[in-house]
1. Would you say GLU69 is surrounded by 14 or more Cβ atoms within 10 Å (Cβ to Cβ), within 60 Å of the chain's Cα centre (by Cα), of a type outside the set (A, V, I, L, M, F, W, C) and within 18 Å of LEU289 (Cα to Cα)?
2. How many of the residues making up the range 539-551 are modelled with pLDDT under 90 and β-branched (Val, Ile, Thr)?
3. Please go through the range 209-225 and give me each residue that is open to solvent by less than 50 Å² (accessible area, probe 1.4 Å) and either under 30 Å from ALA154 (Cα atoms) or over 60 Å from the mean Cα position of the chain (by Cα) (or both), ordered by number.
4. Show the residue pairs meeting these rules: Cβ distance below 9 Å; 6+ apart or different chains; first residue within the range 528-541 and more than 16 Å from GLN488 (Cα to Cα); second residue among the basic types (Lys, Arg) and surrounded by 14 or more Cβ atoms within 10 Å (Cβ to Cβ).
5. Would it be correct to say that LEU165 is without any contact (Cβ under 8 Å) to a residue 60 or more places away in the chain and under 13 Å from LEU197 (Cβ atoms)?
6. How many of the residues making up the range 480-514 are touching a Gly at 6+ places or on another chain (Cβ under 8 Å), part of a helix (DSSP H, G or I) and basic (Lys, Arg)?
7. Name the strands (runs of 3 or more DSSP E) wholly within the range 278-322 that hold at least 1 residues that are under 21 Å from PRO223 (Cβ atoms) and touching a strand residue (DSSP E or B) at 6+ places or on another chain (Cβ under 7 Å)?
8. Can you tell me which residue among SER287, SER266 is polar (S, T, N, Q), under 35 Å from the mean Cα position of the chain (by Cα) and surrounded by 13 or more Cβ atoms within 10 Å (Cβ to Cβ)?
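The values are calculated or read from the model by the stated rules, or taken from the named source; none is laboratory data. Values in this document were obtained by computation on a predicted structure and should not be read as measured data. Reconstructed Cβ throughout: ideal geometry from the backbone, glycine too, with neighbour counts over all protein chains shown. All accessible areas refer to the heavy atoms of the entire protein, side chains included, with ligands and DNA or RNA removed. Shrake-Rupley method; radii C 1.70, N 1.55, O 1.52, S 1.80 Å.
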Amino acid sequence: MEPGKRSAALWDSFTYWWGRRSLQSRLIAAYIFIILGPCLMVSFYSYKAINNTYVRDAIDKNSYLLQMEKLHINNQVEVMERAVQMAYEDRDVQDYIKNTEEPDVGQLINFNDYVFKNITRIQYNNPSIEHLRLYSNSDVHEIWPNIFRESRVASELWYQKALKLKGRMSWSFQNSDPDLMERFFEQTPKIVPKVSLLREMSIPADNHIGMVQVDMLLERFTPKTYTTVQDSQSQMFLIDEDMQLFTRADHSFLPDNKEMSAAIKSRLESYRKTGDWDINYTENGKSFLLINTPLEHINAYLLNVVSMNGVMKDISHTRNLIIGVNIGFIILVTAIAYVLNAFILKNLRRLTETMKKVRRGESYSGITIRGGGEVGELAHHFSKLMNTINTLVAQAVQKQALSKEAELRTLHNQIDAHFLYNTLENIKMLAEIENQRTISDALTSLGGMMRYNFKWSGEYVKLRDEVRHIENYIEVMNIRFEYPIVLQLQIESPYLELEVLKMSLQPIVENSVKHAWTGEKEEMKERIICIDILEAEGDIFITVHDNGIGLTAEQLSSLNETVYAVKEEQSMASLSGTGASNPRVGGIGLRNVHQRLQLFYGEEYGLEVQSEAGSWTTVFMTIPKVLLTGDKQP
């Protein structure tokens, strides 16, 4: 069986099973469905709002901590930059660093008493600074722990990087802080991460004489990143421009999760290129928030990784609470609905049992239901129904007799119509015998009109037949006019096969014939009624234009109110208004045509009237382009 047929069969089986359930069962099911929908909707949006609130609170809280740590880092950056600047601008330090001659004992003592103490004081005044070191390009006397020869560190990558910057600040992050005096004794340096600020000394310009270096341990530079407080829910990271990650070693997310480190680096590289940052990260069913803020001054990033385990537990607890409340509420409503329905439907069950007895042919002895209401009213009407069955049967027999009588009357009318056609033919023959051609032609046109009116085999006719009927009508009406009406047809042959409603154009033409000209005796211009056809966007626009007296703005407004009136009362009210003095403004014929067009074709079709007082009136009829076979044309 095909899937569509299988689905239809299952649906039919369900509807049959559902239809056989008792009214009480269906009402309870309906109550549950009606209550369950709003409950689920409210619960869904409540859960979603609570979920968003929890997540937003976690983001706001950790973003605040991140910004506070960023503020602390910026303060430490200012401290290090100020220390570098003070050492760099000291003229005595510059002279000592660039000195290529061997200083005498007096110069060394003087330097140690004044200049060296000033350098040491810079470090002591800023206890966060771990080292303040000066490197000389010449063979100066080294003074531990501040002044060294450049050859000790010239091969280091961070030193080479600082040289290339030509006097600009260079930031370098390192995982260890080796002692310069012991670095050549093959001792393993201690794992003490630090950040260094270096600036090349060129005096005069482009004359390299040495380097200034200020070191600060990362545990002082960013204390929250290297905090010793145990926290399994969040961890801060400092990432330099080379994508090195610096963070605490204890209770870290990284040792057990190498994929997180790769994900952080990948997102930071994408952030550098696009500026977009994805805050959500999920791995092995665990969710994290990656909250990032750039440290623009040192070309690094501060990242806070927040575990969502605790938040998800709170959200899960809230979700279970909402589900439990919904289930309890539905059970309570179901129990209450069952009791109330059993009480309310008691009388309905009695009435149902009585109807079953009557259906089996048992005699009806009557039923009494107290309390009234819909069930009581239904029992009352059922009693009246049983008492009037014989009367209804008699009425059915009488209706059948009346139907036969109507058929006979219709046949009689058809006979009368044929009699009238034959009589007109006889009169036409007498007129031809008497050589009265005008009367003969008028009778021919009148006969054509009568056949068109009496032959009502359907609502639709060809436009050709409707136009021929209008031509007959104009020929008959011209007998009574001193100034005949000229009918101009501007219709191409293919359009004559279009489908139109029967008697849809003739009332419009009749309206022009009766009201377009006053009939005064003075000399008048030629009276013309023109029928034209336009096509646009698959629709047909038939225009009926006359060169009569036209309508004033008030008359046109009143006519439109009548044509577009929704109810007959509105149309009558329009006729009783200002436009009733002019028969044309009544527009009952136009209103009937407009309503028929909308009834058979749709609301977008109908009539539109335009006019200019003293000049012309045009009625636009809009219909779909459809052949008489019913096929809509492209």
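1. Values: surrounded by 14 or more Cβ atoms within 10 Å (Cβ to Cβ): yes; within 60 Å of the chain's Cα centre (by Cα): yes; of a type outside the set (A, V, I, L, M, F, W, C): yes; within 18 Å of LEU289 (Cα to Cα): yes.
For GLU69, the condition - surrounded by 14 or more Cβ atoms within 10 Å (Cβ to Cβ), within 60 Å of the chain's Cα centre (by Cα), of a type outside the set (A, V, I, L, M, F, W, C) and within 18 Å of LEU289 (Cα to Cα) - is met.
2. 1
3. ILE209, GLY210, MET211, VAL212, GLN213, VAL214, ASP215, MET216, LEU217, LEU218, PHE221, THR222
4. GLU535/LYS625; GLY538/LYS625; ASP539/LYS625; ILE540/LYS625
5. Working: without any contact (Cβ under 8 Å) to a residue 60 or more places away in the chain: yes; under 13 Å from LEU197 (Cβ atoms): yes.
Here the answer is yes, as LEU165 does meet what is asked.
6. 0
7. On the way: elements: 280-283, 286-295, 300-307.
Counting at least 1 such residues, we get 286-295, 300-307.
8. On the way: SER266 fails: surrounded by 13 or more Cβ atoms within 10 Å (Cβ to Cβ).
Sole residue among the options that is polar (S, T, N, Q), under 35 Å from the mean Cα position of the chain (by Cα) and surrounded by 13 or more Cβ atoms within 10 Å (Cβ to Cβ): SER287.
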